[in-house]
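Everything on this sheet refers to the single structure shown next.
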Amino acid sequence: MRPAVRATALLLSGLLAVACASSPGTASKPPASQASASASASASGALTVYSGRSESLVGPLLERFENDTGIDVEVNYAGTSELAATILEEGDASPADVFFGQDAGALGALAEEGRLAALPQATLDKVEERFRADDGSWVGVSGRARVVAFDDRVHDPADLPDGIAGFTDPQWKGKIGWAPTNASFQSFVTAFRLMEGDAAAKAWLEGIQATGPKVYEGNDAVLNAIAAGEVEVGFINHYYLMVALAEQGDTFPVRNHFIGGEDPGALVNVASVGILSTAKNPAAAQALVDYLLTQESQEYFANETHEYPLIEGVPANPELPALDEVSSPDIDLSDLSDLEGTLRLIQDAGVL
């Protein structure tokens with residue numbers, strides 16, 4: 001695989017700039033040399049993938065695709081929100097063939113702007129309807145559930161709140177860790193807005209802020225802070241703990257609390273892919289999308305990244321509740337596209 005080029009964004013609004021500026025390691029618009037590198041990759045016939053999923057998670061799988069198909073791949077890794085903004089800024093001149101996003105909301109935002117092509121029905125039919133776009137513009141390839149990770153040296157799961165709103169109680173003062181610049185967290189807030197309205201979502205953010213939560217760069221950092229005893233609970237995606245348990249064993253002192261009752265805190269979102277409407281290599285792009293939905297790739301998500309596979313017949317990690325047992329709210333994941341509104345709300349609540 002050619003050396004990765006980090007694609008970054010000249011962000012499209014002041015609010016998006018605020019969020020990304022708050023996240024360490026986020027860069028501004030790439031220099032001309034990087035932009036020309038992406039353009040040359042497209043010109044050379046390589047499949048250009050903009051990946052909001054980290055190289056550590058999906059790099060090995062994309063290398064497998066290269067080896068199995070003989071298709072050269074150029075991957076630009078950056079944050080999902082950054083890359084979506086980059087594609088919108090680049091417009092018809094974007095060198096990207098495929099967008100691989102951390103969550104469906106970013107794909108929905110691109111679809112609303114006409115940046116994604118419709119996928120074949122045969123591809124869409126590989127997953128449940130709730131994990132694909134109604135207009136066929138994107139398809140989920142792996143699922144992740146929002147959970148409350150907790151220190152099991154301190155808490156019994158039966159004593160934890162049943163809903164995410166319970167963590168605004170003053171008893172959690174100084175005990176919560178969160179990563180408000182993280183794309184998955186922002187998708188959760190967007191789901192909260194859709195389900196209960198902006199006023200309720202803002203009240204929740206303000207309630208958590210009143211407990212004096214410790215702020216971290218991402219889900220991994222929140223998880224490690226719980227293990228280190230810095231905080232007692234944190235809002236993350238389920239698979240971060242599963243990776244830690246696989247690497248460190250059952251003595252790792254953190255467990256996942258799955259919230260029930262179709263609560264916003266039980267959101268199941270999907271890592272998703274779409275093909276750009278301006279793709280220079282649409283056949284290779286379609287080959288990658290279909291490859292990510294093969295049994296072998298779905299087993300990779302189940303066994304290596306510990307996410308939920310989305311095609312029938314591939315089991316998830318047996319330590320996880322079955323996907324149909326997770327009480328995710330019944331919302332259209334494409335509707336999680338209003339990132340700007342969510343960022344404004346998070347800012348207005350004094351979190352960013």
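The values are calculated or read from the model by the stated rules, or taken from the named source; none is laboratory data. If you're wondering where the values come from, they're calculated on a predicted model, not measured in any experiment. Note that we place each Cβ from the backbone using ideal geometry, even for glycine, and neighbour counts take in every protein chain shown. In case anyone asks, the SASA skips ligands and DNA or RNA and just uses the protein heavy atoms, side chains included. Shrake-Rupley method; radii C 1.70, N 1.55, O 1.52, S 1.80 Å.
Under 5 Å from the amide H of H257 lie the amide H atoms of V148, A149, F150, each residue being 5 or more positions distant or on a separate chain, with H modelled from the backbone and absent for Pro and chain starts. Surface exposure of region 128-195, expressed per residue as accessible area with a 1.4 Å probe, stands at 36 Å². Taken over the Cα atoms of the chain, the convex hull encloses 123 Å³ per residue.
For region 170-232 and region 93-165, compute the distance between their C-alpha centroids and round to whole Å. If we compute the Cα centre of each part, the gap is 19 Å. Set Lys and Arg Cβ to +1 and Asp and Glu Cβ to -1, take the dipole of the chain about its Cα centre, and tell me which of L107, G174, L320 lies farthest positive. Positive-end residue among those listed: G174.
Per residue, the average separation of C-alpha pairs within less than 8 Å and at least 6 apart gives the chain a relative contact order of 25 percent.
Taking amide H positions as modeled 1.01 Å from N, with prolines and chain starts lacking one, the residues under 5 Å from V141 and 5 or more places away or on another chain are A271, S272, V273.
Annotation: L245 carries an accessible surface of approximately 30 Å², with a 1.4 Å probe and no ligand, DNA or RNA atoms counted.
Give me the percent of the accessible area of the chain that comes from carbon and sulfur atoms, probe 1.4 Å, all protein chains in place. Ligands and nucleic acids excluded, carbon and sulfur reach 48 percent.
Only protein heavy atoms count here; under a 1.4 Å probe, K173 has an accessible surface of about 130 Å².
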